[in-house]
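Undergrad: The structure under discussion is supplied below as structure tokens; questions concerning it will follow.
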Amino acid sequence: MGRAVAILASLGMIAVLAAVLRPADLLGSAPQAQDWRALPAEVRVVDGETLLLGERVLRLYGVAAPARRQFCAVGADWGRMAANELASLVRDRAVECRIQGQDRFGRALGSCRAGGVEINASLVAAGWATVDEQALPSLIPIEAAARATARGIWAQPPC
């Protein structure tokens, strides 16, 4: 009888934990909607579209920057240049992001601000990221202006 009570208690505890802790919480996946903040000392640039905010990985929502070591012009590492642009946007600034889901690798997707500047739009305006037209249609005119004025990746012929 004591063993049956122990088993029932264990099953009850598992049910409670399953109800309270969702699998996404247990696996460390990004929540669907949440605000993340990081102090300047906690912000690291991974590449032209990815930040580390403390221990959390965040990919900028709705934009795509060149990959690291993507050379599209003689001697021009567009991926490094895009990462440098992102680094200049976050340098010595706290970063605030609104998480809007996660990508296929489980990384948080977010729109971010640093020092009052919208990072996603700024990368597009500087010509170092393209826009996912379905995700952020409001940035389409900003990308068009970067193309028209030959900024960033638009300064060279396509790869």
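What follows is calculated from the coordinates using simple rules that are stated; it is not laboratory data. From a predicted model like this one, the values you see are computed outputs, not experimental measurements. As a convention, Cβ positions derive from the backbone with ideal geometry for all residues, glycine included, and neighbour counts pool all protein chains shown.
Undergrad: Calculate, for D77 and D35, the FRET efficiency according to 1/(1 + (r/R0)^6) with r their C-beta to C-beta distance and R0 41 Å; round to the nearest 0.05.
TA: With a Förster radius of 41 Å, E is 0.80.
Undergrad: If you don't mind, there's one more thing I want to ask. What is the ratio of the Cα radius of gyration of the stretch 85-141 to 2.2 N^0.38 Å, with N the residue count, to two decimals?
TA: Rg over 2.2 N^0.38 Å, computed on Cα atoms: 1.14.
Undergrad: How charged is the neighbourhood of Y61? Take every other residue with its Cβ under 12 Å from the Cβ of Y61, and add Lys/Arg as +1 and Asp/Glu as -1.
TA: Net charge around Y61: -1.
Undergrad: For the stretch 55-159, would you read off the P(r) tail past 22 Å as a percentage of all alpha carbon pairs?
TA: 29
Undergrad: Shape call for the stretch 34-114 from the C-alpha gyration tensor, a ≥ b ≥ c root eigenvalues: rounded (a/c under 1.5), prolate (a/b greater than b/c) or oblate?
TA: oblate
Undergrad: Starting with the highest mean, order 53-66, 79-92 by the number of other Cβ atoms within 10 Å, averaged over the residues of each peptide.
TA: In decreasing order of mean packing, 53-66, 79-92 become 53-66, 79-92.
Undergrad: Let me ask something else. Mind giving me the nanometre distance, one decimal, between the label points for E55 and E42, set 7 Å out from Cα along Cα→Cβ?
TA: 1.2
Undergrad: In debye to the nearest 20, how big a dipole does the stretch 60-159 give about its Cα centre with +1 on each Lys and Arg Cβ and -1 on each Asp and Glu Cβ?
TA: 220
Undergrad: Where does the charge balance sit around E143 when Lys and Arg score +1, Asp and Glu -1, over other residues with C-beta under 11 Å from its C-beta?
TA: Here the count lands on 0.
Undergrad: A further question on this structure: What's the local net charge at A125, with K and R +1, D and E -1, over the other residues with C-beta under 13 Å away?
TA: -1
Undergrad: Between A64 and V117, what is 0.36 nm times their sequence separation minus the Cα-Cα distance? Round to one decimal in nm.
TA: Going from the current span to full extension adds 17.3 nm.
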